[in-house]
1. Answer yes if at least one residue in region 321-340 is over 19 Å from the mean Cα position of the chain (by Cα), farther than 19 Å from residue 355 by Cα, free of Cβ contacts under 8 Å to residues at least 40 places away in the same chain and not in a loop (DSSP other than H, G, I, E, B), and no otherwise.
2. Is it the case, given these coordinates, that residue 338 is buried (at least 21 other Cβ atoms within 10 Å of the Cβ), small (Gly, Ala, Ser), within 29 Å of residue 433 (Cβ to Cβ) and in contact with a strand residue (DSSP E or B) (Cβ under 8 Å, 6 or more places away or on another chain)?
3. Does region 426-441 hold any residues that are touching a Gly at 6+ places or on another chain (Cβ under 9 Å) and within 17 Å of residue 397 (Cα to Cα), and which are they?
4. Whether any residue in region 81-91 is among the polar types (S, T, N, Q), in a loop (DSSP other than H, G, I, E, B) and out of contact with any Leu (no Cβ under 8 Å at 6 or more places or on another chain) is what I want to check.
5. For residues that are surrounded by 16 or more Cβ atoms within 10 Å (Cβ to Cβ) and touching a residue at least 40 places away in the same chain (Cβ under 8 Å), tally how many sit in region 188-214.
6. Return the residue satisfying two criteria in turn: it lies in region 115-158 and is charged (D, E, K, R) and in a loop (DSSP other than H, G, I, E, B), and of such residues it is nearest to the chain's Cα centre (by Cα).
7. For region 233-242, does any single residue satisfy the condition of being surrounded by 15 or more Cβ atoms within 10 Å (Cβ to Cβ), more than 30 Å from residue 286 (Cβ to Cβ) and in contact (Cβ under 8 Å) with a residue 24 or more places away in the chain?
8. If I filter region 358-383 down to residues being of a type in the set (D, E, K, R) and either modelled with pLDDT under 95 or assigned to a strand (DSSP E or B) (or both), which single residue comes out as farthest from residue 344 (Cα to Cα)?
Amino acid sequence: MLNIVILAAGKGSRMHSSTPKVLHRLAGEPLLGHVIRIAQQLIDQHSGTIRVVTGFGSNQVDPYVESLGLEAVYQPEQLGTGHALQIALEQQSPEHQTLVLYGDVPLVRLADLQTLLKAGSKSLAVLTAEVSDPSGYGRIIRDEKDSIVAIVEHQDATEQQRGISEINSGIYAAPTALFNELLPHLANKNSQGEYYLTDCVQLSVSAGHLVAGVTGSDTSVKGVNDLIQLAELNRIVQAERREALMRSGVSLIDPSTVIINGPIINIASDTVVEPQVSLNSPIIIGHNVTIGFGSHLTDVKIGDNTVIKPYTVVESANIGSRAQVGPFARLRPGTTLAAATHVGNFCETKNAWVGEGSKVNHLAYIGDATIGRDANIGAGTITCNYDGASKNKTTIGNDVFIGSNTSLVAPVTLEDGVTTGAGSVITMDVEAGKLALSRSKQISVEGYQRPKKSKD
């Protein structure tokens, strides 16, 4: 069994933000979310619990943690990482193993943690890394036998110690009973007046326990202290996700301009993603799809052989196979397009079903509507779905032809085969096969003089 404790109580003052640091977004997801996802993978393998220690901004962090079905443990005073772990381990079984993670170290690798857990099965194990710039990190102190004997925080390190390139990730694994033995002996005799979890290393050595050092990847130990570091980690994540897509058979025309946010991005082979595209999880895209230049997709499912033309915005929608959408179209939440549908330039849909083979090609608004098969919705058509108090539904049958600039005042039903004349305002249901017109009679006025501007 495994106790995973994620420390997320810090203020993050260098972020210069009212948002708690762990809720700042990395590739579309809170920093803390990345850590929780990795933790959950370990729990799936080992079983156990995940507890998140919160403090600053707990009114924001706790709801997020609880929305994921996890327990938030409040640290009323931020007295350091050692104090936070002590609070988190209360009422936890000493027979289990404990893994300590950090809410602002989001890219830790699963393989590194698995190795760390093996090393920390009977003693304290520390995840370390060799970095080119160790500024801000605790330094690993080793003896002449290359054993870890201490970790010194950057602000407490001597000039000689600051020259050490091996750093502490803040990530530890040990039997819970060992942590319970060490934590009460932590002291706060340092410049911050805090109880450092890092001091467990020296305490463990003094008690005659081995301290294992597991060297992880450079990426595993990268933390976020400011917005500059956050941007750097975002570049890493984006590059990794783009590479993964391309290796799976997805063509990114200009990879550096494609933004991929969130963990659920499934795109089949032979799909082409043009420059300046934003893909926001969850995204499921079939084979041989084209996502046009400048499009923005969020929570979208797209079938095979569909073309999304440039500058299209799609949110919480399902698009069938062989469809065409855009350019400059907007599909709002609740939109479903069946196979072989067309939604064209400057069209907007919301909570709408568009049946197979139907076309909404130009300058139309289709909201709270159902459209059957093989219908043609003329340019400028509007479903007038809002009466000032509530939304009402428009139902359009199969093989319906809606003339240009028609207003359909909901609630209204047009049965199969109906035709409406251009410029009509349809306020009543129309029976199958009928032509519906609602125009005033055209007149021509002889002798009309158009007003002219005065030359004065």
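1. The first filter runs over region 321-340 and keeps only residues over 19 Å from the mean Cα position of the chain (by Cα), leaving 321-331, 334-340.
Next, only the ones that are farther than 19 Å from residue 355 by Cα stay: 327-328.
Imposing the further condition that a residue be free of Cβ contacts under 8 Å to residues at least 40 places away in the same chain reduces the set to 327-328.
Then keep just the ones that are not in a loop (DSSP other than H, G, I, E, B); that gives none.
So far as region 321-340 goes, no, none of its residues is over 19 Å from the mean Cα position of the chain (by Cα), farther than 19 Å from residue 355 by Cα, free of Cβ contacts under 8 Å to residues at least 40 places away in the same chain and not in a loop (DSSP other than H, G, I, E, B).
2. Working: buried (at least 21 other Cβ atoms within 10 Å of the Cβ): yes; small (Gly, Ala, Ser): yes; within 29 Å of residue 433 (Cβ to Cβ): yes; in contact with a strand residue (DSSP E or B) (Cβ under 8 Å, 6 or more places away or on another chain): yes.
Here the answer is yes, as residue 338 does meet what is asked.
3. Our first condition is that a residue be touching a Gly at 6+ places or on another chain (Cβ under 9 Å); within region 426-441, this holds for 432-439.
Across region 426-441, the qualifying residues are 432, 433, 434, 435, 436.
4. Yes: one or more hits.
5. Looking only at that region, the number is 16.
6. Here is the first cut: in region 115-158, the ones charged (D, E, K, R) are 118, 122, 130, 133, 139, 142-146, 153, 156.
From what is left, the residues that are in a loop (DSSP other than H, G, I, E, B) are 122, 133, 143-146, 153.
Details: 122: 37, 133: 29, 143: 44, 144: 46, 145: 45, 146: 42, 153: 33 Å.
If we take residues in region 115-158 being charged (D, E, K, R) and in a loop (DSSP other than H, G, I, E, B), then 133 is nearest to the chain's Cα centre (by Cα).
7. Just the residues of region 233-242 that are surrounded by 15 or more Cβ atoms within 10 Å (Cβ to Cβ), to begin with: 233-234, 236-238, 241-242.
From what is left, the residues that are more than 30 Å from residue 286 (Cβ to Cβ) are 233.
Filter once more, so that each one left must be in contact (Cβ under 8 Å) with a residue 24 or more places away in the chain: 233.
Yes, because at least one residue in region 233-242 is surrounded by 15 or more Cβ atoms within 10 Å (Cβ to Cβ), more than 30 Å from residue 286 (Cβ to Cβ) and in contact (Cβ under 8 Å) with a residue 24 or more places away in the chain.
8. Kept after step one, since they are of a type in the set (D, E, K, R), are these residues of region 358-383: 359, 368, 373-374.
Narrowing the set further to residues that are either modelled with pLDDT under 95 or assigned to a strand (DSSP E or B) (or both) leaves 359, 368.
Working: 359: 8, 368: 18 Å.
Across region 358-383, the extreme among qualifying residues is 368.
The values are calculated or read from the model by the stated rules, or taken from the named source; none is laboratory data. All values reported here derive from a predicted model rather than from experimental measurement. Glycine gets a Cβ as well: all are built from the backbone with ideal geometry, and neighbour counts include every protein chain shown.
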